[in-house]
Structure formats: C-alpha cells, structure tokens
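Participant: One structure, pasted below without further comment.
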Amino acid sequence: MNENIIELDNVTKIFSLGVLGKNKIVAVDRVSLTIRSGEILSILGESGSGKTTIARMILRLIKPTSGTIKFNGVDIWKMKKWRDIKNYYMKVQGVFQDPYSSFNPRRKILDLLLDTVYNAFPELKKDKRKALEYINETLEKVGLDINTLRGKYPHQVSGGQLQRAAIARALLSNPVFIIADEPVSMVDASTRIDILNIFIDLKEKYGTSSVIIGHDYSLAYYVSDRIVVLYRGQIVEEGDPEVLEDPLHPYTKMLKESVPSIDRRWEKRLEYRIGEIDVTKRRKGCIFADRCPFKMPICEEKEPPLFKVGKGKVRCWLYGPK
Ligand SMILES: Nc1ncnc2c1ncn2[C@@H]1O[C@H](COP(=O)(O)OP(=O)(O)O)[C@@H](O)[C@H]1O
Ligand code: SF4
Ligand SMILES: [Mg+2]
C-alpha cells in the first residue's frame, strides 16, 4: 500500500488561442501530485480551474506543455511500444460528467460493453457467454443487474443507471486507477452518494484507486482520503479531509463557505468568479491576490510557494516564515 501509481511532476499545460496563437491560457500551472495505491484523491476547484485538463493529461489524451507524468515510475509520453501504451489505456480509465454523451446513442448498452470486453480481452470473442458473465459480475460491483440493461439503448435508462454502467465499462479492462471527472454533477441529487459509494467500495474491496474531480466541498469531504484544491491551474492547498475541515487558504475557505450556503461576508468581498477574470493574463505574485480579502504587500510581488503547515500544504504568505 501507499506506493505511487501516478506521479505528476511540475506539469504545465498552456493552450494557445486565436489564429496566430498569440493569446495563451495557462490551464494547469506547475502541478505536482501523486496518486497512491488504494486511495481516493479529490481535485476540487470551481469551473475553469484546470480540473478537466489535468484529467485529460492523466488519461494521455493531451500532452503537457512541460513536466512529466509517470505511471508506475515510467514517463507515459516516453512509452514507445504500442503494447505499453495500450496497457496504460487499459489500466488507467476515465469516467465523465455526462453519461449520455459517453455512450453511442445508436447502440444498445450491452453491445457497447461487449465491445469493451472484446477489445480488452480478444480471446473472449469466441465465447460470448463468458463475456456476458464477466459483464454481469462487473455490473454487480456497481450495483446494477444485467437484466436492467438488457435490450436497452442509453436513453432508455436513468442518468444514475447509465453513470453506473459507465463506471462498469471503465472497470471491464481491470484498471488499477480510475479518474472520474465530475461523475455526479449531472445525476440526480438523491443518487450522488450511492454513486460515490461505488468508488469507496472499489477501493475497499479491490484496492482500486480513484481521482474524483468535483466542485462540491461536502461530497469531496465525504469520499476522499486526500483533497487537492486547485485555483486557476495551481494547487493552492492540499491535505486530508480533517485538514480541510478547517481550511487555511483564503480561496479554500471561500469554496467551503460557498457550499451549501453562501457566506454574506465573502459574497461582498469576492467581486468576480473565474469566468470574469481575463484568463489570458496572469498577474505577478499570488494568483489569488485580485480576489483576496487578506492581501498583503508581499502578495503583489512574490508568488507564495506551497508551505507545509501541520499535515497539509498551503500556498499563501499568511502561513510563510514570519
Ligand atoms: N482545448 C482548449 N483550448 C483552449 N483553452 C482551453 C482548452 N481546454 C481548456 N481550456 C481553458 O483552460 C482553462 C481550464 O479549463 P478546464 O480544465 O476545462 O477547467 P475545469 O475542468 O476546472 O472547469 C479554462 O480557462 C479553459 O477555458
Ligand atoms: S498569498 Fe496573499 S493574496 Fe495570496 S491568498 Fe495568501 S494572503 Fe491572499
Ligand atoms: Mg471540467
């Protein structure tokens, strides 16, 4: 236990905008983090903070501008053999926000699951009965029965059921690690905890690690062993849920307060959300200084590093050397 499965070291992703690519967005800014075997890590942050970009880089769908991502110690962009790359795509699986857009609407769900099985285990192509048995076992892990899906197209089941099927599909290739990008934000509020419980169950029964991306502080608190808070591509605070019960960074405090009820004090002080900030411009000093009610002169000048405070880390001069 506790060995690192995925390691991000100083990972940056810059997108160029416009025909000439003159405007640049730093979507992910020098992020270092590790995902350990048998843990659930949450990445929290409001819209535009770079969460999906991190997921897509870990899934090897887009390449970092700089920095490295390692899987079991091997740089995923230095893998040369197709066999190693395919193994990575099997062992590291994604689950996305909208289950309806992640299943082909013109095909029956079970046929899509069969495709996944045949792709992962070509030898089962000769034995459909065995493949279906395997699908059934996997569906049971996510609380679904094969009969619920039999003959059905994606739009014929509920969002919660389809998201369970999406998790099952991710599990079919026997992954060691799942990255779930806002897996419960589009499902009915009443089934959110049930779906998050699947990830806890997978961790406890099979040691499957997960990264769960979200913006809901209380859900992250519920499901995670560790939480990383992201603001405009930078990690601003990290720690276990106990640490984040009483967060230190002004932004994390804001996130916590904004869910479920907005604290009036904060509402007055925070003039804008990320969407209203010009994302192509990055200021000198602390990235949160424009919104921070505790700003000091040093914050305008110098970027704070991640300071170790107790069991957590926080990127803020309030906690730096005095
Ligand atoms: N393909 C892209 N091209 C240009 N900008 C992008 C692209 N993908 C994401 N971005 C920008 O990067 C930033 C982070 O986006 P994203 O990772 O989707 O954040 P989140 O998932 O936290 O909402 C945003 O400012 C977004 O507009
Ligand atoms: S470093 Fe300064 S501006 Fe940044 S969050 Fe801390 S107090 Fe606020
Ligand atoms: Mg996103």
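Participant: Please flag any cysteine in the chain that has no other cysteine's Cβ under 4.7 angstrom from its own Cβ.
Facilitator: When partners are defined as cysteine Cβ atoms under 4.7 Å apart, the chain leaves C292, C316 without one.
Participant: Between S42 and residues 5 or more places away or on another chain, which pairs have amide H atoms under 5 Å apart, with H built 1.01 Å from N, and which residues are they?
Facilitator: When sequence neighbours closer than 5 places are left aside, the close amide H contacts are I212, D225, R226, I227, V228.
Participant: For region 51-186, what does the relative contact order come out to in percent, with C-alpha contacts under 8 Å and a separation of six or more?
Facilitator: Here the relative contact order equals 36 percent.
Participant: Round to a whole number: what % of the accessible area of region 4-319 belongs to carbon and sulfur, probe 1.4 Å?
Facilitator: Carbon with sulfur: 50 percent of the solvent-accessible area.
Participant: Hey, what did the chain get for relative contact order, percent, Cα under 8 Å, at least 6 apart?
Facilitator: 21
Participant: What is the antiparallel percent of DSSP beta bridges lying wholly in region 4-319, to the nearest 5?
Facilitator: Restricted to region 4-319, the bridges split so that about 60 percent are antiparallel.
Participant: Within straight cross-link reach of K78, meaning Cα distance under 18 Å, which aspartates and glutamates are found once same-chain residues fewer than 8 apart are removed?
Facilitator: E7, D9
Participant: Quick one: compute the contact order of region 10-126, relative version, from alpha carbon pairs under 8 angstrom and 6+ residues apart, as a percent.
Facilitator: 19
Participant: Which of the residue pairs K13/K81; K51/K311; K125/K203; K13/K108 have a Cα-Cα distance greater than 32 Å in the structure shown?
Facilitator: Listed pairs above 32 Å: K13/K108.
Participant: Would you grab the residues whose amide H sits under 5 Å from the one on N23? Only those 5+ places off in sequence or on another chain, please, with H modelled 1.01 Å from N.
Facilitator: L17
Participant: Beta carbons within 10 angstrom, averaged per residue: use that to sort the peptides 286-292, 312-318, highest first.
Facilitator: Most protected by this proxy first, the peptides run 312-318, 286-292.
Participant: Another question about this same structure. Determine, for each peptide in 197-207, 53-63, 123-133, the mean count of other beta carbons within 10 angstrom over its residues, then list the peptides with the highest first.
Facilitator: In decreasing order of mean packing, 197-207, 53-63, 123-133 become 53-63, 197-207, 123-133.
Participant: Kindly write out, for region 216-228 in residue order, the coupling ³J(HN,Hα) from the Karplus curve 6.51 cos²θ - 1.76 cosθ + 1.60 (θ = phi - 60°), rounded to whole Hz, with x marking Gly and Pro.
Facilitator: Whole-Hz 3J(HN,Hα) from phi for region 216-228: 9, 4, 5, 5, 5, 4, 5, 8, 9, 8, 8, 10, 10.
Participant: Can you give me the C-alpha center-to-center distance between region 66-118 and region 213-251, rounded to a whole angstrom?
Facilitator: Using only Cα atoms, the two centres lie 27 Å from each other.
Participant: Can you tell me what percent of all Cα-Cα pairs in the chain are more than 24 Å apart?
Facilitator: That tail contains 57 percent of the Cα-Cα pairs.
Participant: Using the per-residue mean of other Cβ atoms lying within 10 Å as a proxy for protection, in what order, highest first, do the peptides 175-182, 27-34, 12-19, 143-150 fall?
Facilitator: 175-182, 27-34, 143-150, 12-19
Participant: Hey, got the dipole for the chain? About the Cα centre, +1 on K and R Cβ, -1 on D and E Cβ, debye to the nearest 20?
Facilitator: 1180
Participant: With every protein chain kept in place and ligands, DNA and RNA left out, what is the accessible area per residue of the chain? Probe 1.4 Å, answer in Å².
Facilitator: Averaged over the residues of the chain, the accessible area is 49 Å².
Participant: Another question about this same structure. Applying the Karplus parametrisation 6.51 cos²θ - 1.76 cosθ + 1.60 with θ = phi - 60° to the phi angles of region 301-309, what ³J(HN,Hα) value in whole Hz is obtained for each residue in order, glycine and proline being reported as x?
Facilitator: Values, residue by residue: 9, 10, 6, x, x, 7, 8, 7, 10 Hz.
The values are calculated or read from the model by the stated rules, or taken from the named source; none is laboratory data. The structure presented is a predicted model; accordingly, all values stated were derived computationally and were not measured. Ideal geometry is used to build each Cβ from the backbone, glycine not excepted, and the neighbour counts take in all protein chains shown. Accessible surface areas use protein heavy atoms only, side chains included; no ligands, DNA or RNA. Shrake-Rupley method; radii C 1.70, N 1.55, O 1.52, S 1.80 Å.
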